[in-house]
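> Here's a structure for you.
The values are calculated or read from the model by the stated rules, or taken from the named source; none is laboratory data. The structure presented is a predicted model; accordingly, all values stated were derived computationally and were not measured. Positions of Cβ are generated from backbone atoms using ideal geometry, with glycine treated the same way; all protein chains shown enter the neighbour counts. For accessibility, only protein heavy atoms count, side chains too; no ligands or nucleic acids. Shrake-Rupley method; radii C 1.70, N 1.55, O 1.52, S 1.80 Å.
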Amino acid sequence: MFTFKKIVCALALCASFFHLVAEDVSGDSSDDVFSLSPVMDGILLGTGIVLSGGDLLLDNVLEVNRQKYDGTVYCKDDVNAFDRKFMHSYSKSRDKVADFLLVATMATPAVLAATEKEEWLTCGVMYAETLLIANGIKELTKLAVNRTRPYMYYDAETFPEDDVDDGDWANSFPSGHSTMAFAGATFTSYTFCKYFPDSKLRIPVVAGSYAMACGVAALRLSSGNHFMSDVLTGAALGSAVGFLVPWVHTFNAKHDDVNVTLFANGVSVAVRF
């Protein structure tokens, strides 16, 4: 669980680097890289709200498919050979570091503050859509799958009691931390490179964002919270959403030869030859 202290510390950790980035690229951003559309963004935001809101209703209010631990002793031999190689018992310290690093990774889009102020709303809306959609998909998947976490295959004395009591012990697939971390890293990397294609900081921004995301995934694995397949799936899911959401905003911006419009009942694509 995130605390205000973790959030403040993580943001402070990133602040100095973001300041250097802003100084390097200030005033050099490309104009009209992304554009908002009332219809398209209404659909994307609505989808994200429905997905994330649906999870809140089903999980926290209705408690649909929430698992109660009955004292079952789980056997590692029941785990597939691939995931069994990377299993770990629970580590509270690594769990907390993963939370801290996730906040820092999700804060990486702050580098986009170096864009023109007119672009800030566009960046904010796109990132909100990214987070809502990624969060909704991974949370609803957790509810549907109900996979036991790796730490449940070890000594019961090492279990995180709060997670076992509230049913989180059965929400291993996919890794939510990995999903959100890679969504943030991919969003930052893609949008930064589109806004500042000539910046010498493109590689540091991309490498730094993904290094933190990989760190989150590794910590979730080594802390006993997830199997390897959980973090790989989460990374793929987050990366897909982190790329696709800003990508659809590139249409109707600078590409006059391709015009894409989303409607409530479908998609219209016009190509000019």
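> Taking the residues in the stretch 210-238 that are out of contact with any Ser or Thr (no Cβ under 6 Å at 6 or more places or on another chain) and not in a helix (DSSP H, G or I) as candidates, determine which candidate is nearest to F173 (Cα to Cα).
So the residue we want is F227.
> Among the residues of the stretch 102-118, how many are farther than 12 Å from F187 by Cβ and touching a residue at least 60 places away in the same chain (Cβ under 8 Å)?
Adding up the residues that qualify gives 7.
> Residues L244, L201: which one is modelled with pLDDT of 95 or more and either open to solvent by 20 Å² or more (accessible area, probe 1.4 Å) or touching a Leu at 6+ places or on another chain (Cβ under 6 Å) (or both)?
Being modelled with pLDDT of 95 or more and either open to solvent by 20 Å² or more (accessible area, probe 1.4 Å) or touching a Leu at 6+ places or on another chain (Cβ under 6 Å) (or both) holds for just one of L244, L201, which is L244.
> If N146 passes every condition in (1) touching an Asp or Glu at 6+ places or on another chain (Cβ under 8 Å); (2) on the phi > 0 side of the Ramachandran plot but one, which one does it miss?
It is condition (1) that N146 fails.
> Another question, if that's okay. Counting residues that are farther than 25 Å from N65 by Cβ, which helices (runs of 4 or more DSSP H) fully inside the stretch 90-195 reach at least 2?
Correct list: 92-106, 120-145, 176-195.
> Under the condition of being open to solvent by 10 Å² or more (accessible area, probe 1.4 Å) and touching a Leu at 6+ places or on another chain (Cβ under 9 Å), which residue from the stretch 103-122 is farthest from G167 (Cα to Cα)?
Of everything passing the filter in the stretch 103-122, E119 is farthest from G167 (Cα to Cα).
> Still on this structure, please answer the following. Report yes if D198 is in contact (Cβ under 8 Å) with a residue 40 or more places away in the chain, among the acidic types (D, E) and closer than 17 Å to F86 by Cβ, otherwise no.
Judged against the criteria, D198 is not a match.
> Ok, one more. Can you work out which of the residues in the stretch 43-89 that are of a type in the set (A, V, I, L, M) and assigned to a loop (DSSP other than H, G, I, E, B) is surrounded by the fewest Cβ atoms within 10 Å (Cβ to Cβ)?
For the stretch 43-89, the residue satisfying everything is V73.
> Give the stretch 144-157 a look and list any residue that's more than 16 Å from L221 (Cβ to Cβ) and not aliphatic (A, V, I, L, M), or say none.
N146, D155, E157, listed by residue number.
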